[in-house]
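Beneath this line is the structure, given in structure tokens, with notes to follow.
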Amino acid sequence: MIPDEYDSLLDNAEEAELGVGVTEESLAGLFYTGGTTGASKGVMLTHRNLIANTLHFMTVAPPSPESVFLIMAPLFHAAGSNGVLGGIWSGSCQIPLKVFDPAVALDLIEKYQVTHTLGVPTMVAAISETQHAKPRDTSTLRMVAHGGSPIATEVVRRAAEAFPTAEFVHVYGMTEASPLVTGLRDEQKLLDVDRSRSCGQSLIGVQVKIIDQDGNDLPTGEVGELAARGPNIMKGYWRKPEQTAEVLRDGWYRSGDMGYVDEEGFVFLVDRAKDMIVSGGENVYCSEVEEALYKHPAVLEAAVFGVPDEAWGEAVHAVVVPRAEVTPAELIEFCRKHIAGYKIPKAITLSADALPKSGPGKILKRELRAPFWEGRDRKVN
């Protein structure tokens, strides 16, 4: 919309009396999905959704009236508004970043003695690397929360070394859940145990389960699609009734995320269903391959996805942004020590540029995949 049209709408709009006719089920806002795997959709969140989610947030990463919260995620994104509403609820000071810049973020942490912050993994990685390169005084930092996409254990390890006074909290969710579903506290204490790969347990007020393609519950430890329900689940997609019906079934939201739950209710995600690679009949979870790559000290950023392969249907491919000199052959050989042979990338592209990211900072794998699938009717083999 151009400015003149916007001004015209404002001039002709009727003045509304705030609060009249509004219930907890009324639409509070449209929040658009990141569009990392496909076209972005408008998620209809009600007042009930947002208030419920704020309560959930307060149980896992609670600020206090004395807290100073640096808002790194953009405010048009559910994660950004989540931090704002939690700050308003607690009466804490909030500092929003106009545009994410790791150096500026660190300067603000030092200047205003920031205690809490939340961002996507790429933001946490960026402020961590910048802090390692040019340290600031971040000794007031008490909590660093991250969510929105998977994070490699090695990224958390480097971040914990950069910010030793902070507790790291992994929150998992999606815009459709306003956005929180699970939480894992004290992540920095779990780096050398299997639970470091978990995104935590369902938050108070939220239920999760793992289901098969037909919606049947799966037993503990078996991989399937994660489904969630609670007062935070969206009303639906804006003007997309068919896509709404596809994901909201029998009172549960089907996330499209593949994972499993252990005996104590900790959720372990393995991949997005759309990102999973099927190579020679075997399922390859991109996040597992990325985790292996991040263990190499020369890897700064990594993204794994499937490319066409005449023999195997799809082949595992990786794009890596290195922080030091390394060859694709060295990285492939390194992977052999950490993952099974069929999961090892057949090829690795080294990039001098940062990986493409959405507005909220998530890696856009669809842009990386697109050149390999040009001219094909299907995006899978």
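Readers should treat all values here as calculations from the given coordinates under stated rules, not as data from a laboratory. Note that the structure is a prediction, hence the values are computed from the model and not measured. Glycine also receives a Cβ, built like all others from the backbone with ideal geometry; neighbour counts cover every protein chain displayed.
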- Query: Any idea what diffusion coefficient region 71-151 gets from Stokes-Einstein, in µm²/s, Kirkwood Rh on alpha carbon pairs, 10 °C, 1.306 mPa s?
  - Reply: 124
- Item | Cα pair count fraction exceeding 20 Å, expressed as % - region 196-282 | 38
- Message: Give the lysines reachable from Lys346 as a straight Cα distance under 16 Å; neighbours fewer than 8 places away on the same chain don't count.
- Response: Lys337
- Item | Translational diffusion of region 277-373, µm² s⁻¹ [Kirkwood Rh, Cα pairs; Stokes-Einstein; 25 °C; 0.890 mPa s] | 181
- Task: Starting from the Cα of Asp309, move 7 Å in the Cα-to-Cβ direction to define the label point; list residues of region 334-372 whose amide nitrogen is under 11 Å from there.
- Result: 341-347
- Query: Okay, which of region 145-182 sit inside 20 Å, backbone N to the point 7 Å along the Cα-Cβ direction of Ile88?
  - Reply: 175-180
- Query: Highest mean first, what order results for 210-221, 43-54, 89-100, 279-290 on Cβ atoms within 10 Å?
  - Reply: 43-54, 279-290, 89-100, 210-221
- Item | Cβ crowding within 10 Å averaged over residues, with 243-255, 157-169 ranked highest first | 157-169, 243-255
- Query: What percent antiparallel are the DSSP beta bridges of the chain, to the nearest 5?
  - Reply: 70
- Query: When all C-alpha to C-alpha distances in region 1-115 are sorted into bins of 5 Å, what percent of pairs does each bin hold, rounded to whole numbers?
  - Reply: 2, 10, 14, 16, 18, 17, 12, 8, 3, 0
- Under 5 Å between amide H atoms, partner at least 5 residues away or on a different chain: which partners does Phe168 have, H built in plane at 1.01 Å? Val144, Asp186, Glu187, Gln188
- Note on the structure: extent check for region 241-307: Cα max minus min per principal axis, descending, whole Å, gives 46, 35, 26
- Message: With n ≥ 4 as the cut-off for DSSP H runs, can you work out [θ] at 222 nm for the chain, using -39500 (n - 2.57) per run divided by the number of residues, rounded to the nearest 500?
- Response: -7500 deg cm²/dmol
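Rank by packing, highest mean first: peptides 14-23, 357-366, with packing defined as the count of other Cβ atoms within 10 Å averaged across residues. Display every interim value, and only then the final one.
On the way: 14-23: 7.2, 357-366: 20.6.
Sorting 14-23, 357-366 by mean packing, highest first, produces 357-366, 14-23.
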- Query: What is the chain's relative contact order, in percent, from Cα pairs under 8 angstrom and six or more apart in sequence?
  - Reply: 13
- Report the residue, chosen from Glu154, Glu129, Glu330, that carries the largest GNM mean-square fluctuation when the chain is represented by alpha-carbon nodes joined by springs under 10 Å. Glu330
- Message: Please report the spacing between the Cα centers of region 345-378 and region 281-307 in Å, no decimals.
- Response: 13
- Note on the structure: Among beta bridges assigned by DSSP with both residues in region 114-209, the antiparallel ones amount in percent, to the nearest 5, to 45
- Semi-axis lengths (Å, descending) of the ellipsoid that matches the C-alpha gyration tensor of the chain: 32, 27, 22
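If you place +1 on the Cβ of every Lys and Arg and -1 on the Cβ of every Asp and Glu, how big does the dipole about the Cα centre of region 21-272 come out, in debye to the nearest 20?
780
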- Query: With respect to the cross-link table entries Lys295/Lys343; Lys274/Lys362; Lys98/Lys240; Lys274/Lys343; Lys240/Lys362; Lys189/Lys343, which display a Cα-Cα separation exceeding 21 Å?
  - Reply: Lys98/Lys240; Lys240/Lys362; Lys189/Lys343
- Message: Expected output is a single nm value to one decimal: the length gained when fully extending between Ile332 and Glu5, i.e. 0.36 nm times separation in residues minus the C-alpha distance. What is it?
- Response: 112.3 nm
- Query: Based on Cβ point charges of +1 for Lys and Arg and -1 for Asp and Glu, what charge dipole magnitude is obtained for region 277-373 about its Cα centre, in debye rounded to the nearest 20?
  - Reply: 240
